[in-house]
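Single-structure report; data block below.
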Amino acid sequence: MAPLTFEEARERVVSTVRASRAACAVEEVPLESAAGRVLAENVAADRDVPALPRSVRDGYAVRAAELPGELRVTGEVRAGERFAGEVGPGEAVEIMTGAPMPAGADAVVMVEHTLRAGGRVRIGRTAEPGQFINRRGCEAAAGEVVLRAGARLDYSGVAALAAFGRESVRVFRKPVAAIVATGDEIVEAGRTPEEFQIRNSNSYSLAAQAARAGGAPLVLPVARDNGEDARRIVERGLSADLLLLSGGVSAGKYDIVERTLAGLGAEFYFDRVLIQPGQPLVFGRARGKFFFGLPGNPASTMVTFELFARAALELLGGQEETVLHMPYARLTGAFRHRAGIARFLPARLGAGGAEVTPLTWSGSGDIPALTRANAYLAAEAGRAEYAGGDLIRVLLK
């Protein structure tokens, strides 16, 4: 199977999962639990927002045609109140931000542009009709769909739900991501490893990444390098919505992930991507469930999840669009790499995200270097050299 470029592989994942995903289960959750969930229904405004014209500044409600001039102040209106009277000729009403506009007024003048003297206010400038007024329904009209099914709710979406009178909302069930580390050299985090062993960090980093992507992680036991043990655990993992395996996908004698999956009737969409770290990446489907065989070195596991598996998990959770955020930043110094494959290397974004510095590391097993990084430098496959000050894309960590 020919290796794919980074762009080809990501498109293969997104298009394949989107085209063949099953309908997602739906549940209703209270508003306080809705953040980060994917909407399973359209949400419309239950009334015009705002429900009547209101001021967006502290100041005076006036008739614009009477300015500049001196006006008699006939009262005040605060947010949560109505002004009982009407602004007549030569009159003004003191008004607070968010308060409904009094009848007869068609503009608001900010308090900073006025001079109050007793019961009168002097305004030395003109005003335009509608100035500093939010008209009725300018934010949303009654019945207008403001939040659409398939969107992931952030804090502003939760605020909108509350503003539209919702105390609960229908969302898609979180997809379960089964996580399996493979290899005879793996021991659990609480054990003291022999010199030739390593602790199982990948299962826990993947669980954190899957949860951040909106999934429900299910960490399964380590699959050992023999066919019977690996098959049993992989079969268990295929009962989840997505199976994530780390390790066992290289060409070594005991790298058994692909053989095990093939024995379960798997269809493979690709088994190598022209990236570093993470070249021996496997994506496929078995028994109706998608799976990723992620390389076992920690950086490879982390990077390939963010580049590929995250998109699959978001789509399986009902999200309509999945976007890989890779903004540009300026290099603080010259950088070069061997062209031919795309590289995602640990880096540090400066304050504000305008500048980026590659970090020194000892390869894709260097977890301490990854903890010092807050981004990955994304070096293009077709470009070997970058000068200091050049723009380069970064993958946010």
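Just so it is clear, none of the values below were taken in a lab; they were calculated from the coordinates. Model, not experiment: these values are computed from the prediction. Here Cβ is always computed from backbone atoms with ideal geometry, including for glycine, and neighbour counts include all displayed protein chains.
Brief remarks follow.
- Principal-axis tilt of helix 6-20 within the chain, Cα atoms, nearest 10 degrees: 80 degrees
- Highest average first, the peptides 268-276, 351-359 ordered by how many other beta carbon atoms sit within 10 Å of their residues are 268-276, 351-359.
- With Cα atoms as the point set, the chain shows a radius of gyration and Dmax of 29.4, 92 Å.
- Segment residue 339-residue 391, extension gain: residue separation times 0.36 nm, minus the distance between their alpha carbons: 17.0 nm
- Take the Cβ atoms of residue 239 and residue 81, set R0 to 45 Å, and the FRET efficiency comes out at 0.15.
- Global geometry of the stretch 54-134, whether rounded, prolate or oblate, following the gyration tensor of its Cα atoms and the 1.5 cut on a/c: rounded
- Residues with amide H under 5 Å from that of residue 270, placed H, sequence gap 5 or more: 283
- Kirkwood hydrodynamic radius of the stretch 328-396, Cα pairs, Å: 11.9 Å
- Between the helical axis of 202-212 and the longest alpha-carbon principal axis of the chain there is an angle of about 20 degrees.
- Using a Förster distance of 35 Å, the FRET efficiency for residue 128-residue 159 (Cβ separation, nearest 0.05): 0.70
- With 10 Å bins beginning at zero, the pair-distance distribution over Cα atoms of the stretch 51-194 amounts to 10, 29, 17, 13, 11, 6, 6, 6, 2 %.
- Taking 7 Å steps out from each Cα toward its Cβ at residue 332 and residue 33 produces label points 4.4 nm apart.
- With each label modelled as a point 7 angstrom along the Cα→C-beta vector, the residue 383-residue 192 pair spans 5.0 nm.
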